[in-house]
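Report on one structure; see the data block that follows.
The values are calculated or read from the model by the stated rules, or taken from the named source; none is laboratory data. No experiment lies behind these values; they were computed from the predicted model shown. Cβ placement follows ideal geometry from the backbone for every residue including glycine, while neighbour counts extend to all protein chains displayed. Side chains are part of the model used for accessible areas, which takes the heavy atoms of the whole protein and leaves out ligands, DNA and RNA. Shrake-Rupley method; radii C 1.70, N 1.55, O 1.52, S 1.80 Å.
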Amino acid sequence: MTSQLKLGSKIALLVSGLLIVVMLASAALFVEVQSSIFRTNAQKGAVEALEIVETLHVQAMLNRTGTSDENVSIAILDATMERVGMNSNRMSLWLVQGPKALAFQAKNGAHQERARDEVDRRAIETAGIAEAMSADNIYRYTRPVILGQGSATNIKCYSCHKELMDIIDGEVIGAYSVALDLSQEFFELSRAANRIYGLAILVSVIIAAFIAYLLNRLAGAPLAKMTGMMRQIAAGETEVDIPILKRGDEVGEISRALHIFRENIIGLRSAEKGQATSESFLRTVLDNMVDGLIVIDRRGIVQSYNPSAKEIFGFDKNEVIGNNVSMLMPEPDKSRHDGYLERYQKEGTPHIMGTGRDVIGKRKDGSCFPMWLGVSEIHIDSDVFYIGVIQDDTERKRTENALLQARDKAESANRAKSEFLANMSHELRTPLNAIIGFSETMATGVLGKLGNKTYEEYTRHIHDSGKHLLGLISNVLDLSKIEAGKMDMHPETVDLKHFVNDAVSAIKAGIEKNNNILELDCPDDIGTMVTDITALRQILFNLLGNAGKFTNDGRISLALKRRKTSKGDYIIFTVTDTGIGLSGQQLKGLFRAFMQGDSSITKRFGGTGLGLSISRGMCEMMGGDISVDSTPGEGSTFTVVLPSIMPKPAI
């Protein structure tokens, strides 16, 4: 029934119920408080009445002149009480005798005043005040009289009870008892409570009706309207016009929230549509990937398996998904895979995670094949998944093996060539040295003049040609050593200032043949370096010799400087000329063996094209490098960078 009520009516019903409960509780509390007040007042009245009775009784007993009339004290007391109006229909007072007093009265055949109810008996037995309120609103109060206490300390009273009745100190003589009828007061209280209860219910209903009207106007109607709008939105009608109520209360907040909710629903549905499109796009991409793709969970169970993976392994999708990915591995990887995965999840130490490596896969037919596997880790909410990208490397490995074999053959042939050249160079050097020595002896006339100028000229030609041929053979031998890795380096400490002065002096004449000027820029504090002095001299001679050969009437300079970097201390040698220069095309093969700028240079200037190749090889063996910057028609700059301390050769 309450489900059919509007929100305002429900709230009003709830408030009405709460008000009724609160007011009834207040009325009950009022009745309880009034009852407590009545009881307290009754107790005070009872105490006052008993004090009067006690005083009258004591005086009557003290004024008694004889004991022949056993009821004389009672008679006197009754008369007195009637006179003062203490006994009535609403209050009764009486005396109660204790056990020894009753025994004494019974022995003497005198009047006995026994306990009338449980209150009297409790007061006599406990020697304490007893009180109670009966169901018919009769208040009972009984106070005991104890020998030696209160009024029972009077000497006459004390001796009478002690000597005649054998009552000792602290024993109960009797009690004074009173009964008050409070039924009329409680009746009036009940009537007042009923009026209060009725008023409470009436006020609650009125307040509830007012609240229901107010809530329905302020909240119920707007909320009911917004509820209808929410039903429309839930049904898919996003074009609902939701007014934004300009109110600062909760209803206004709800209207604004509902407006935002509708906008969010529109955005969510648009996002869902976009997500569906994205998922379709992603699925299409995955299904058309050339590489195989497999997704597993943290237990190694396959969650996704694209068509390319099927082509690689031969298993259908339904044969793999839901099974452990180790089914695609040969032993021993198959047995070890789960342990690898578990150890990675505990220790975080990857073997393949985030990288790629060559592994072995197993096809459905049981055959094994080489493949490349790259694995990455993704987190979706609290779950972890691993994506594996797979490439069948069968063909690549076959091609790679063929290339390796071809490379090995080429390297073997190159080594054979280098060894042949090295051996042949040694074989040629011996007779050439003899030719050069004999021709020099003949030219100098040590053993006597030839006596013929033509023979002398022939001898000089033999000597110069022999030296030229020996230089070529030396270059070939050096190149062969470098290529074969057999060139030995012998580092020693070099005083750079003294070294370059000697080098410049040695080559200066050859440079000045073409009317060139040779300049040296070497700081006095350039210091020393530890390097192979023979190799360094050959590098500088090659660079300065080339500069002199390709420059006429120009300027050639050699500059040195020391540079400290984070990687170490370096010495930089710069050879600059103003010669013919080189084009970009010529620079590409400049440092290759037997290469010069072009055939015209070879014809014009001669040479074999080995000097720069040998210089670069030596620079690299000494831990440095050589570079060139050149402009045709303006000249070239060769820069050699070497560590100040040559590193030890790798063993």
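Students often check this: by mean Cβ neighbours within 10 Å, which of 629-637, 190-198 ranks highest, and how do the rest follow?
Values: 629-637: 15.6, 190-198: 13.8.
Descending packing order for the listed peptides: 629-637, 190-198.
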**Asked** So how far, in whole Å, is the C-alpha centre of segment 565-592 from the one of segment 484-530?
**Response** 17 Å
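Averaged per residue, what accessible surface does segment 283-406 expose to a 1.4 Å probe, in Å²?
Working: 7250 Å² over 124 residues.
Per-residue value: 58 Å².
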**Asked** Packing-wise, with mean Cβ within 10 Å as the measure, how do 159-172, 560-573 rank, highest first?
**Response** 159-172, 560-573
**Request:** Name the residues whose placed amide hydrogens come within less than 5 Å of the amide hydrogen of residue 361, ignoring near sequence neighbours (fewer than 5 apart) on the same chain.
**Result:** 369, 371
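Could you give the accessible area per residue of segment 106-157, probe 1.4 Å, as a whole number in Å²? Could the numbers behind the result be given before it?
Working: 2910 Å² over 52 residues.
On a per-residue basis, segment 106-157 sits at 56 Å².
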**Item:** Sorted peptide list for 407-414, 20-27, criterion being average Cβ within 10 angstrom, highest first
**Value:** 20-27, 407-414
